[in-house]
Amino acid sequence: GESVGLHLPTLSVQEGDNSIINCAYSNSASDYFIWYKQESGKGPQFIIDIRSNMDKRQGQRVTVLLNKTVKHLSLQIAATQPGDSAVYFCAEIRNTDKLIFGTGTRLQVFP
Amino acid sequence: EPEVTQTPSHQVTQMGQEVILRCVPISNHLYFYWYRQILGQKVEFLVSFYNNEISEKSEIFDDQFSVERPDGSNFTLKIRSTKLEDSAMYFCASSPDRGIHQPQHFGDGTRLSIL
């Protein structure tokens with residue numbers, strides 16, 4: 001069935017290293033994707049978005065890559081810091097108002 | 001930076017009772033949303049609201065649920081007769097315009113516990 005999902009439930013990285021969080025989607029009609037960060041006890045926090053007519057977008061220390069051929073989305077975090085520890089969700093919109101969230105990847109940063 | 005605020009942060013209610021969750025969206029936003037997250041699961045869409053009416057709703061949003069914008073600032077979710085399975089985090093979100101290509105900004109949620 002159609003889904004937005006994540007390859008890895010937990011990712012552990014050393015402080016200062018780069019992190020890559022992956023997301024697969026199955027609906028080629030999806031036209032907008034967002035990465036959210038959720039810290040414990042808080043709501044999803046917008047990180048970066050990308051439209052389906054793009055394949056890369058950069059923000060501050062973050063880059064999102066979109067590969068429509070294999071329906072794959074990734075979030076790259078440069079020089080990962082302890083404050084980056086959180087659960088990261090990809091979400092998509094398919095011509096409606098509603099966000100469809102993936103199951104999330106927990107990023108753990110250790111010193 | 002403007003933010004979505006939700007009250008209360010934690011609500012404990014007896015099964016069968018009515019509960020109202022409150023949200024103040026970002027002031028210049030026009031679209032409002034409710035999502036929920038059952039413990040350990042992903043965030044699920046409940047309803048979107050625009051121009052004082054429901055724009056879209058999910059299967060979860062049955063007759064027990066309703067939304068209202070009673071004044072120019074508040075946006076509420078009411079559950080008429082709560083069930084144990086309504087226990088979850090409920091998140092309000094808002095966006096400047098329709099969801100497509102517009103990031104939705106979330107509040108920190110209300111934890112609803114049904115006893």
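Odds and ends about this structure:
- Length-normalised contact order of chain A in % [C-alpha pairs under 8 Å, at least 6 apart]: 37 percent
- Accessible area (Å², per residue) of chain A, counting only protein heavy atoms and a probe of 1.4 Å: 48 Å²
- Residues in region B:81-100 occluded by at least 20 Å² - accessible area, probe radius 1.4 Å, against chain by itself: B:PHE91, B:ARG98, B:GLY99, B:ILE100
- Rounded to the nearest whole Hz, the Karplus-based 3J(HN,Hα) values (6.51 cos²θ - 1.76 cosθ + 1.60, θ = phi - 60°) of region B:2-11 follow the sequence x, 9, 7, 10, 10, 9, x, 6, 9, 10, with x at glycine and proline.
- Amide proton proximity set for A:THR80, modelled H, under 5 Å, gap of 5+: A:GLY16, A:ASP17, A:ASN18, A:SER19
- Share of carbon and sulfur in the accessible area of chain B stands at 44%, probe radius 1.4 Å.
- Size-normalised alpha-carbon gyration radius of the protein assembly as shown, reference 2.2 N^0.38 Å: 1.02
- Buried accessible area, chains A and B (both chains, 1.4 Å probe, Å² to nearest 100): 1900 Å²
- Reachable lysines from B:LYS57, criterion Cα separation under 16 angstrom, eight or more residues apart if same chain: A:LYS98, B:LYS78
- HN-Hα J in Hz across region A:10-24 - Karplus 6.51, -1.76, 1.60, θ = phi - 60°, x for Gly and Pro: 9, 10, 10, 9, 8, 3, x, 7, 8, 10, 10, 10, 10, 8, 10
- For B:LEU46, the residues 5 or more places off, or on other chains, whose built amide H falls under 5 Å of its own are B:TRP34, B:TYR35, B:ARG36.
- q = 0.16 Å⁻¹: log10 I(q)/I(0) that the Debye formula gives for chain A, counting C-alpha atoms only: -0.66
- Evaluating 6.51 cos²θ - 1.76 cosθ + 1.60 at θ = phi - 60° for every residue in region B:64-70, the Karplus couplings come out as 6, 9, 8, 10, 7, 10, x Hz, glycine and proline recorded as x.
- Ranking B:MET89, A:MET54, B:MET15 from most to least accessible surface, computed with a 1.4 Å probe over the protein chains only, gives B:MET15, A:MET54, B:MET89.
- With a Förster radius of 35 Å applied to the beta-carbon distance between A:THR10 and A:ARG57, the computed FRET efficiency rounds to 0.85.
- Overall Cα dimensions of region A:35-82, principal axis frame, Å, largest first: 36, 23, 16
- For region A:66-111 versus region B:30-66, the gap between their alpha-carbon centres in whole angstrom: 22 Å
- Stokes-Einstein D for region B:1-100, Kirkwood Rh over Cα pairs, 20 °C, 1.002 mPa s (µm²/s): 154 µm²/s
The values are calculated or read from the model by the stated rules, or taken from the named source; none is laboratory data. These figures come from a predicted structure and were not determined experimentally. Please note: Cβ atoms are built from the backbone with ideal geometry, for glycine as well, and neighbour counts cover all protein chains shown. The area values use the complete protein model at the heavy-atom level, side chains included, leaving out ligands, DNA and RNA. Shrake-Rupley method; radii C 1.70, N 1.55, O 1.52, S 1.80 Å.
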